[in-house]
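Following: one structure in structure tokens, then a few remarks.
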Amino acid sequence: MPQSNKMTMYDKIWANHIVEDRGDGSALLYIDRHLVHEVTSPQAFDGLRASGRTVHRPDSIIAVPDHNVPTKDRHLPNPDPMSTAQLDALEANVKDFGLDYIPVDDARQGIVHVVGPEQGFTQPGVTLVCGDSHTSTHGAFGALAFGIGTSEVEHVLATQTLLLRKSKNMRVTVTGEMPTGCSAKDVALAIIGALGTAGGTGYVIEYAGPVIEGLSMEGRMTLCNMAIEAGARAGLVAPDDKTIDYMRGRPYAPKAGQFEAAVPFWKALSSDEGAVFDKEVMIVGSEIVPQVTWGTSPEDVVAVTGRVPAPESFSDPAKQEAVAKALNYMGYAPGTGMTEFPIDRVFIGSCTNSRIEDMREAAAVIKGRKVADHIIEAMVVPGSGLVKLQAEEEGLDRIFTDAGFQWRDPGCSMCLAMNPDKAGPGEHVASTSNRNFVGRQGPGSRTHLVSPAMAAAAAIAGHFVDVRDF
Amino acid sequence: MKKFTEIRSIATPFPRVNIDTDIIIPAKHLKSIKRTGFGDHAFETIRFEADGTPIQDNVFDCDRYKGASILVTGDNFGCGSSREHAPWAISELGFRCIIAPSFADIFAGNCVKNGILTVALPQTDVDALVLAAEAGHKICVNLPNQTVTCGNAHYEFDFNSAHKQMLLDGLDEVGQTLKSAAAISTYEDKQKLTTPWLFKA
């Protein structure tokens, strides 16, 4: 632990939330905000019932279904009885425990990590948890936000706290300017490429520097969303005027009178000048180019101008074996150029890239063009009903459908294949999601993680292209 | 929760890096609203062909490692999703202890809640234990002393003291925390004054 009275943003939020310091670096930490969805909560509510306990603070919770919901034909019965049972269980649980709930047929429904910020439920300086690893998304607001398991969901429901060990501080500074043709997703992937998927384990990462400051709130959410992909517990971006402007007028944001009091509190959260980080990483922003993953881990990433590496190019024997396995799974020979192989399917969506800015970024590339003939399916899945409405107001849906994309209803969709949206065995998917794990988008599916602009361009060309030349 | 003090068992060697929770239990199997039944699908792509045919000689089902309570595996084990279904599934395969060079944070936390001990040891020590597991040697993991022994080899590991106590006692963590109800209430009273906008009027 650095000996200094200068505090990082993480140190401050941690200190603000200590209920009991347990010594040895751990503390009982107060949790301000809790997002609940259908997959990781039923066993937690059952646990409460079994022990005769109640929800400590119902006003700290929003529940919304997202993982299992179909993204089309919602007027029809859900084709999967187990999904139905899980969705029904959520509905019954929110009734039993008196929680705010956004049902599937509500315009506000969507992916928890899109809904929380959109509703102003996510706020600077809060601790926010959800039974989902991509809870790191909310760090974009300077909230300490992280994913938890189902036992911890139950623990937070019952006690409003978690017993946690403090993580170490890391700062990733991205210098210079955002290069043309790149967006937050490329920055996120480039950082993971530099750190590795375990590079952030044991840390909370604060993202800083001119490129991060230049990002919109949507871009910052994309960046923090993937902090977990570097193994970090959470990602953080200091609140600034963009953050405050974003908060204004949202349903769960502080009301007039309180908002004015909240602003100075939020502004004071930034890391103190001279605060010491356990690890500092510098990334030269101007050197970032559009990124594409070639393997089965988010760290298996190269520039779109690059090639699939050979296992021998890694020194660690375990990594060599992992790369050989990944190449075998992906059906790539070492040395293959990233633009050489055809793409079979395109997915624009997920908690990483389904916000209005992502829709605009993809639509700008697609406008007036057509999806390549051999693409089996190209779909755009907005992150929430409100994103969908706004995109439709801007006419983006027409740009997508005219090009041959499907325009779906909000949900997690093909990010994780636990709803009807899946890729088939062996299919290469250009995907704006966050994980290219084996079978993640369906058994045998081959995922390539890219930005919305890169996914859009791949849909048109039928293979990856350098979106800077497109 | 089952208490954990010491186990002595043969071990299953699975020395692959970055084993993510989608490999441990694919998302399509997360639809149960119970805590049980996930073991059948644990490590599905390692144990079964796409058509469901069992893969011969996979380490999880072969006779050689039958009854193993210890899994010896690669770096960054349990990365990815926060699904607690992963330790539930691993538990149903009979494992009480996982040894690896490192673990993903959320996964390691979830293991503690389910009576599974995660032991992080340097890569060279894990390599040695993989060889010992392959040779069918028994490994002894002792939590009170924080040691792993195998034949003449002896290793010590670090472990969070609060988590250690939970595993040793097999405690109901919620019940433990509720002993601090007064402190939680005091904290809330303070916060209602400093950040009143976080509380519904």
Checklist outcome for this item: Between the modelled labels at B:Arg16 and A:Gln258 (7 Å from Cα along Cα→Cβ) the distance in nm is 4.9
Checklist outcome for this item: Kirkwood-based Rg/Rh on the Cα set of chain B evaluates to 1.05
Checklist entry - Taking the alpha-carbon centroid of each part, what is the distance from segment A:322-369 to segment A:87-148 in angstrom? => result 28
Checklist outcome for this item: Output ordering of A:149-157, A:268-276, A:41-49 (per-residue mean of other Cβ within 10 Å, highest first) is A:149-157, A:41-49, A:268-276
Checklist entry - Equivalent-ellipsoid semi-axes (√(5λ), Cα gyration tensor) for segment A:1-148, whole Å, largest first? => result 32, 18, 12
Next on the checklist: I want the antiparallel fraction of DSSP beta bridges within segment B:6-170, as a percent rounded to 5.
Outcome noted: 50
Checklist entry - What are the ³J(HN,Hα) values, in whole Hz, obtained from phi via the Karplus relation 6.51 cos²θ - 1.76 cosθ + 1.60 with θ = phi - 60°, for each residue of segment B:141-156 in sequence order, with x given for Gly and Pro? => result 10, 10, 7, x, 8, 6, 10, 10, 10, 8, x, 8, 7, 9, 10, 10
Checklist outcome for this item: Amide H contacts under 5 Å for A:Glu377, restricted to residues at least 5 apart in sequence or on another chain and with H modeled in the peptide plane, are A:Val346
Next on the checklist: List the residues, sorted by chain then number, that are 5 or more residues from A:Glu20 or on another chain and whose placed amide H is less than 5 Å from its amide H.
Outcome noted: A:Leu28
Checklist entry - Please state the relative contact order of chain A as a whole percent: Cα pairs under 8 Å, 6+ residues apart? => result 17
Checklist entry - Rounded to the nearest 500, what is chain B's calculated 222 nm mean residue ellipticity when only DSSP H runs of at least 4 contribute -39500 (n - 2.57) each, over all residues? => result -8500 deg cm²/dmol
Next on the checklist: Can you compute 3J(HN,Hα) from phi for each residue in segment A:168-175, using the Karplus curve 6.51 cos²θ - 1.76 cosθ + 1.60 with θ = phi - 60°, rounded to whole Hz and x for Gly and Pro?
Outcome noted: 8, 9, 10, 10, 10, 9, 10, 8
Item to check | Under 5 Å, built H, 5+ apart or other chain: amide partners of B:Thr12 | outcome: B:Ile70, B:Leu71, B:Val72
Checklist entry - Within straight cross-link reach of A:Lys267, meaning Cα distance under 29 Å, which lysines are found once same-chain residues fewer than 8 apart are removed? => result A:Lys6, A:Lys12, A:Lys166, A:Lys168, A:Lys185, A:Lys242, A:Lys255, A:Lys279, B:Lys190, B:Lys192, B:Lys200
Next on the checklist: Sort B:Lys179, A:Lys388 by Cβ crowding within 10 Å, fewest neighbours at the top.
Outcome noted: B:Lys179, A:Lys388
Checklist outcome for this item: If each K or R counts +1 and each D or E counts -1, the residues other than A:Phe146 whose Cβ falls under 15 Å of its Cβ total -1
Item to check | Taking the convex hull of Cα positions in the protein assembly as shown, its mean projected area over all directions (nm²) | outcome: 27.5
Checklist outcome for this item: If R0 = 25 Å, then B:Lys2 and B:Arg47, at their Cβ-Cβ distance, give a FRET efficiency to the nearest 0.05 of 0.55
Checklist outcome for this item: Calculated from DSSP helices alone, with each H run of at least 4 adding -39500 (n - 2.57) and the total divided by the residues of chain A, [θ]222 nm to the nearest 500 comes to -9000 deg cm²/dmol
Next on the checklist: Can you give me the C-alpha center-to-center distance between segment A:250-292 and segment A:297-311, rounded to a whole angstrom?
Outcome noted: 30
Checklist entry - Once phi is turned into ³J(HN,Hα) by the Karplus curve 6.51 cos²θ - 1.76 cosθ + 1.60 with θ = phi - 60°, what whole-Hz value does each residue of segment B:105-111 show in order, with x for glycine and proline? => result 3, 5, 4, 4, x, 5, 4
Checklist entry - Which order results if A:Thr8, A:Thr339 are arranged by neighbouring Cβ count within 10 Å, fewest first? => result A:Thr339, A:Thr8
Next on the checklist: So if each residue of separation counts as 0.36 nm, and I subtract the Cα-Cα distance between A:Asp106 and A:Ala50, what length gain in nm does that give?
Outcome noted: 17.0 nm
Checklist outcome for this item: In whole angstrom, the spacing between the Cα centers of segment A:374-396 and segment B:157-189 equals 45
Checklist outcome for this item: Total charge of the residues flanking A:Asp106 in space, meaning their Cβ is under 14 Å from its Cβ, with Lys and Arg +1 and Asp and Glu -1, is -3
Item to check | For segment B:37-136: relative contact order, % (alpha-carbon pairs under 8 angstrom, 6 or more apart) | outcome: 28
Item to check | Of all DSSP beta bridges in the protein assembly as shown, antiparallel share, percent nearest 5 | outcome: 35
Checklist entry - Which net charge results for the neighbourhood of A:Pro452, defined as the other residues with beta-carbon distances under 10 angstrom from its beta-carbon, given Lys and Arg at +1 and Asp and Glu at -1? => result 0
Checklist entry - So for the pair A:Arg250, A:Thr180, with labels modelled 7 Å out along Cα→Cβ, what separation do we get in nm? => result 3.4
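Read-outs: derived from the displayed coordinates by stated rules, not from any lab. Being a predicted model, the structure only gives us computed values, none of them experimental. All Cβ positions, even for glycine, are placed from backbone atoms using ideal geometry, and neighbour counts span all protein chains on display.
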